[in-house]
Amino acid sequence: MPSDLLEQIRLSGDLPRHVAIIMDGNGRWARERGKPREFGHRAGMRAVRDTVEGAIEAGVEVLTLFAFSQENWHRPEGEVRALMTLLELYVRRERRDLKEKGVEVRALGDLHRLGPRTRAALGGAVEYTRGGTTLRLNLAISYGARAEIVHAARVLAERVQRGTLIPAEIDEDLFSSHLYTAGFPDPDLLIRTSGEFRISNFMLWQLAYTELHVCSVLWPDFSRENLYDAIAEYQRRERRFGRVAAS
C-alpha cells in the first residue's frame, strides 16, 4: 500500500524530474557495528534497491547515484576491490528486475579506469536494460566533476583546432552537450546522506540551480520513505533560478 507521504507528493504534482544522490555513510554505519567498511558497502546495496523502487513509485524520471568517485581510487586496495565486486554483483543480480520495471541503466564517468570484468558487467547491464522508459538510472562510477568539465573543454578545444568549430559558437548548451549527462535534464534535487554538507566534486556544472537536501541518515539506513520526505521538502520550496518571485 502506498504511504501517506507518497500519496501527498503525488497529489502535489510538482515532482523533481531528476534526483541525484550522494550515497554517504557506509563506512560509519559499519564502524558503529564493529564491522569492516566492506560490510557497510554491502548493506548499502539494499538501500539502492529500495531507493530505485521508491523513485519509480514517486514518478521520478531520472535518478543519478554517486557510486564511486575518482578520489575513491586512492582508498585501500582491498576496499576498492570489494567495491568493484559489489558493483558487479549489483548489476548482474538486479538487471533482470530493473528491465522488468522499465529502468534503463546508464554509466557516467571515466570508465576506462575500471577493470575488464567490471566494465563487462556494467556494459552488459546497460545493453540489457536499453530502451526502458519508466526510469533512467545513472550510476556515476569513477566520476569526478572537475575531470568531466576538463574533458568537455578538451573535446571542444580539439574541434576548434580541427577547424570544425569557432570559439564564438561555444555556449552553455554546446558545453553541456559534451558532459557525461548530455541528454538528461539537470538535477532538480540533490540528496546527501550522513549529514555532511559537501558536494564532493559531484556534478559541479549541473547543480547550478539544484535544490539541496541533507539528511542525517547513513546510506545503508536510507529508505524510500526518506526519499519521499526529501521530495516533499523540495515541493515546499520556491525555485526562482535567480529571478524575482512573481508578486
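Here is the figure for segment 119-146: residues that are in contact with a helix residue (DSSP H, G or I) (Cβ under 6 Å, 6 or more places away or on another chain), in contact (Cβ under 8 Å) with a residue 60 or more places away in the chain and assigned to a helix (DSSP H, G or I) total 0.
Suppose the filter is more than 21 Å from residue 16 (Cα to Cα) and either within 20 Å of the chain's Cα centre (by Cα) or among the charged types (D, E, K, R) (or both); does residue 163 pass it? Don't jump to the end; show me each part of the working.
Details: more than 21 Å from residue 16 (Cα to Cα): yes; either within 20 Å of the chain's Cα centre (by Cα) or among the charged types (D, E, K, R) (or both): no.
Against the criterion (more than 21 Å from residue 16 (Cα to Cα) and either within 20 Å of the chain's Cα centre (by Cα) or among the charged types (D, E, K, R) (or both)), residue 163 does not qualify.
Collect the residues in segment 187-240 that are in contact with a Pro (Cβ under 6 Å, 6 or more places away or on another chain) and farther than 23 Å from residue 141 by Cβ, keeping them in residue-number order. 234 - this is the single residue of segment 187-240 that is in contact with a Pro (Cβ under 6 Å, 6 or more places away or on another chain) and farther than 23 Å from residue 141 by Cβ.
A single member of 156, 86 is over 25 Å from residue 182 (Cα atoms) and among the aliphatic types (A, V, I, L, M), and it is 86. Looking only at segment 193-205, residues that are without any contact (Cβ under 8 Å) to a residue 60 or more places away in the chain and in contact with a Phe, Trp or Tyr (Cβ under 9 Å, 6 or more places away or on another chain) come to 0 in all. Within segment 92-115, the set of residues being surrounded by fewer than 21 Cβ atoms within 10 Å (Cβ to Cβ) and hydrophobic (A, V, I, L, M, F, W, C) comprises just one member, 111.
Checking each residue in segment 187-210 for being more than 21 Å from residue 70 (Cα to Cα) and either buried (at least 17 other Cβ atoms within 10 Å of the Cβ) or in contact with a Ser or Thr (Cβ under 6 Å, 6 or more places away or on another chain) (or both) picks out 188, 189, 195, 210. Scanning segment 199-241 for residues that are charged (D, E, K, R) and at pLDDT 95 or above returns 211, 221, 224, 225, 229, 233.
All conditions in (1) over 30 Å from residue 131 (Cβ atoms); (2) touching a helix residue (DSSP H, G or I) at 6+ places or on another chain (Cβ under 7 Å); (3) touching a residue at least 24 places away in the same chain (Cβ under 8 Å) hold for residue 53, with the sole exception of (1).
Please give the helices (runs of 4 or more DSSP H) falling wholly within segment 1-72 in which 1 or more residues are surrounded by 18 or more Cβ atoms within 10 Å (Cβ to Cβ) and at pLDDT 95 or above. Reasoning before the result, please.
Working: elements: 4-12, 26-32, 37-58.
Answer list for segment 1-72: 26-32, 37-58.
The values are calculated or read from the model by the stated rules, or taken from the named source; none is laboratory data. Treat the numbers as computed from the prediction; the structure is a model and nothing was measured. Reconstructed Cβ throughout: ideal geometry from the backbone, glycine too, with neighbour counts over all protein chains shown.
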